[in-house]
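Just so you know, all these numbers are worked out from the coordinates, no wet-lab data involved. Because the structure is predicted, anything quoted here is derived from the model rather than measured. Quick reminder, even Gly has a Cβ in these numbers, built from the backbone with ideal geometry, and neighbours come from all protein chains shown.
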Amino acid sequence: MPSPHYAQIVGWGKALPVRSMHNREFERLVDTTDDWIRSRTGIVERRIAGPGETTATLAIEAARQALAVANLDPRRVDFVLVCTCTPDKLMPAAAPIVQQAIGATRAAAVDVNAACAGFMYGLVMASGLIAAGMHRNVLVIGADTLSRWLDWKDRRVSILFGDGAGAVLLQATDQPTGLFASQLRADGAGADLLHIPAGGSLAPSTVETLQLGDHFIKMDGQAVFKFAVRIVVDSTREVLEHAHLTVDDVDLFIPHQANVRIIDAAAKTLRLPAEKVYTNLDRYGNTSAASIPIALCEAIEEGRMRPGDNLVMCGFGAGLTWGTAVFQWGVPPSIPATDPWQSAASAADLARRRHRAQRIAQRAVAEVAP
């Protein structure tokens, strides 16, 4: 039998902080209103990480859900990619922490930092690892807690972001499905348009950097807006052309959930009908690398994906970085998700699988403990 050269998504999961922060709370913090935020961004509320909730803990929960849906022993995971720009610590990376917690004791683990485009980078990289025959099961997680880097008195930035994590499990298959075409790009000339000035080797943390607020996110909103609309349109057209498809062949478009005006402007230019564009940023805001996998999970839950559907995903973020991919949905019927997966697999069944995955993880960790 020839070696598989395709990668399909067979598991998925998401994790969100408990606390929901409505726009009305900002009315007490800055000069703004609920109506203004909605009209300018499309955001109504967002989730904010609380005590005990971190990038790693959210990533772990999302990963466990993905493994449960796929019903895969975590010891069969070959590689864990955590796409984040907000790891729990500067060192070590978040990925080894996640790898150990889920019991993927035979897996390599590394972080990918492409900011809000991170998940797209991870998805394409994972597909390449599988297509090259190097690995069979790769876990890709987008997770960020940007609320920890916000100046809550900065109306331009603080209203935009939320926290969360989303994960997918990619598995090798000999069926021609999965990634059809992709584009990963960067433009370092725009590095200062969206950045955190201090806290790295260029400007280590000092009393002065703290007093200046240089550990908070800084953004040139207008410049980033123009960049985002142009990149979403141009990169989507290019990957469709590379895949020998047209906009009419797209069954679902999941863009990075940054701002509804960016999404609407790009969709209008591409002539994508509203029913083919998935958005959920009204509930979560911009969750950075987590936004696309969270949206993908919810699209699956709502029954928006069917085998053979052409899915286009596009992410963009600090760097400047962007990534776009045409991905054909090819989950086999044996996976409880070809129909709305809540009806195909009961909550009790999914809970049972999650508990089983956690028990396996505990045993796997115990086996390698000194």
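When every Cα-Cα distance of segment 181-328 is counted in 5 angstrom steps from zero, the calculated P(r) takes the values 2, 9, 18, 20, 18, 12, 8, 6, 4, 2, 1, 0 percent. Scanning the chain for DSSP H helices at least 18 Å long along the axis (C-alpha atoms) with a Kyte-Doolittle mean no lower than 0.0 picks out 55-70, 118-131, 221-242. Here the contact order of segment 106-167, divided by its residue count and restricted to Cα pairs under 8 Å and six or more residues apart, works out to 26 percent.
Full-extension gain between residue 208 and residue 148, please, as 0.36 nm times their residue separation minus the C-alpha to C-alpha distance.
Numbers: separation 60, 0.36 × 60 = 21.60 nm, distance 1.91 nm.
That works out to 19.7 nm of additional length.
Electrostatic bookkeeping for residue 177 treats Lys and Arg as +1 and Asp and Glu as -1; over the other residues with beta carbon under 13 Å from its beta carbon, the sum is -1. Bin by bin, in steps of 10 Å, what percent of the Cα pairs in segment 193-280 do you find, going until the bin that has the longest distance? The calculated distribution, bin by bin, is 15, 35, 21, 17, 10, 1. For the pair residue 155 and residue 309 in one chain, pulling the backbone fully straight at 0.36 nm per residue adds 51.5 nm over the alpha carbon distance. Note on the chain: Rg/Rh from C-alpha atoms, Kirkwood Rh, equals 0.96. Taking every lysine pair in the chain that is 8 or more places apart or spans two chains, those with Cα atoms closer than 21 Å amount to 5. Among 44, 98, 207, 112, a tally of other beta-carbon atoms within 10 Å of each Cβ gives an order, fewest to most, of 207, 44, 112, 98. With each label modelled as a point 7 angstrom along the Cα→C-beta vector, the residue 302-residue 237 pair spans 2.8 nm.
Might you report the magnitude of the Cβ-based charge dipole of the chain about its Cα centre, with Lys and Arg at +1 and Asp and Glu at -1, to the nearest 20 debye?
Values: 36 positive and 38 negative charges, 135 e Å.
The calculated dipole for the chain is roughly 660 debye.
For the pair residue 91 and residue 192, label points projected 7 Å from Cα toward Cβ lie 2.8 nm apart. Residues within the reach of a label modelled at residue 185 (point 7 angstrom out along Cα to beta-carbon, backbone nitrogen below 12 Å), restricted to segment 278-304: there are none.
Calculate, for residue 226 and residue 174, the FRET efficiency according to 1/(1 + (r/R0)^6) with r their C-beta to C-beta distance and R0 41 Å; round to the nearest 0.05. Calculated value: 0.40. Where both bridge residues fall in the chain, DSSP classifies roughly 70% of the beta bridges as antiparallel.
From least to most packed, judged by other beta carbons within 10 angstrom and beginning with the fewest, 120, 91, 313, 219 follow the order 91, 219, 313, 120. Dimensions of segment 129-255 along the principal axes, based on C-alpha atoms and rounded to the nearest Å, stand at 57, 33, 25, largest first.
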